[in-house]
Every structure is written in structure tokens, then in C-alpha cells.
Amino acid sequence: MGFALVTIQGCISYSFTGAATNAQTIQVDDFFNNTDLGPANLGQTFTNRLKQYFQQNSSLRVVQENGELQIEGTITQYAITPIAPVSSTSSQSGDPASLTRLTIAIRANYVDTIEPKNNFKDRVFSFYADFPSAQDFNSVQENLEKKILEQIYIDIFNGTIANW
């Protein structure tokens with residue numbers, strides 16, 4: 001009984017992290033906080049954690065300039081809004097919301113010098129998290145921001161080097 005060995009050669013770039021790029025470097029410029037309500041350090045925090053996300057989830061090296069991949073942007077929304085109204089027993093008080101939502105949005109520009117077809121400009125990435133209105137926002141703010149930003153990092157990663 002014989003069997004044949006077939007060799008297939010091709011140029012496919014894939015890593016187990018999901019990064020589908022031949023680039024070796026990424027330049028992450030500062031994301032500026034252009035919101036009224038967001039914490040003053042939100043832009044710097046976002047930028048630093050985005051750099052860490054790319055380093056931990058790809059083989060890319062973060063560089064200060066001339067990156068083969070380049071991303072920059074602005075934090076455009078940091079909004080706290082009441083949602084999920086509940087009826088009250090008194091007609092004199094309004095219908096207070098039982099939940100409040102924190103929404104954060106980022107507008108990003110991305111340049112892929114190796115595969116320019118992957119470039120985008122002004123793409124918005126946003127996510128939100130809800131919390132009980134009875135809770136003090138300051139007591140849940142850090143955890144909400146972390147949850148929201150983690151999803152935005154994943155979305156940006158997928159929208160750039162994972163090409164999803």
C-alpha cells in the first residue's frame with residue numbers, strides 16, 4: 001500500500017494570536033481626550049494600555065516613529081445616561097432610571113504601510129457598560145472604564161491587524 005506526500009507552498013501570514021500581518025512594528029501615537037466628562041488622564045491611560053495590548057497579543061514591536069503600522073485617534077465620547085426606567089408609586093416624582101450607562105467612543109485613524117488597503121480614517125470604536133442607578137458612579141467608575149476599554153482594545157486589534 002503506497003501513499004503520496006503532497007507539498008503545498010504559499011505565502012500565508014498567520015499567528016496563533018490572530019494577527020494577520022507581515023509588519024514587525026507598530027507606532028501608537030497619543031489618543032487625545034476630547035470629552036468634557038472623561039478623566040483628565042484618560043487619553044494617556046488609553047494610549048499606554050493600547051500599546052500593551054498590541055505587545056501582549058502580537059509579535060509587533062511598539063516604536064516611537066516610522067512604524068510599519070500606525071494608529072492614532074481621539075476619545076470622542078464619555079457619556080453617562082440614564083436607561084431602563086422603572087415606574088414610581090408617586091405621580092409627583094418622575095420615572096427614575098433603574099440603570100445608568102457609561103459609553104466611551106474612540107475615533108481612530110490607521111495606516112498600514114505594507115498593505116495600504118487595510119488603512120482607515122475616522123473609524124469609531126465604542127462600547128458601554130451599565131450599572132445600578134442607586135450606586136455612586138465614583139465607586140464603579142474605574143471598573144466600568146476598564147471593562148469598556150478592554151472591549152475597545154479588542155475591537156481595534158481586530159479591526160487593524162486581525163483584519164476582522
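A few remarks follow.
- Sequence-distant lysines (8 or more away, or on other chains) whose Cα lies within less than 20 Å of residue 147: 51
- From phi via Karplus (6.51, -1.76, 1.60), per-residue ³J(HN,Hα) for the stretch 49-56 in Hz, x at Gly/Pro: 6, 5, 4, 4, 4, 5, 5, 7
- Seen from every direction in turn and averaged, the convex hull around the alpha carbons of the stretch 122-164 projects onto 3.6 nm².
- Total formal charge among the other residues, if their Cβ is under 12 angstrom from that of residue 23, Lys/Arg +1 and Asp/Glu -1: -2
- Couplings 3J(HN,Hα) of the stretch 99-104, computed from phi: 10, 10, 10, 9, 10, 10 Hz, in residue order, whole Hz [Karplus 6.51 cos²θ - 1.76 cosθ + 1.60, θ = phi - 60°; x for Gly and Pro].
- Share of alpha-carbon pairs per 10 Å distance bin for the stretch 32-72, given as whole %: 26, 46, 24, 4
- Charge dipole (the stretch 101-164, unit charges on Cβ, about Cα centre) - positive-most of 119, 133, 104: 119
FYI, it's all coordinate maths here, none of it is from the lab. It should be emphasised that the depicted structure is a prediction, and the values quoted were computed from it without experimental measurement. All Cβ positions, glycine included, derive from the backbone under ideal geometry; neighbour counts span all protein chains shown.
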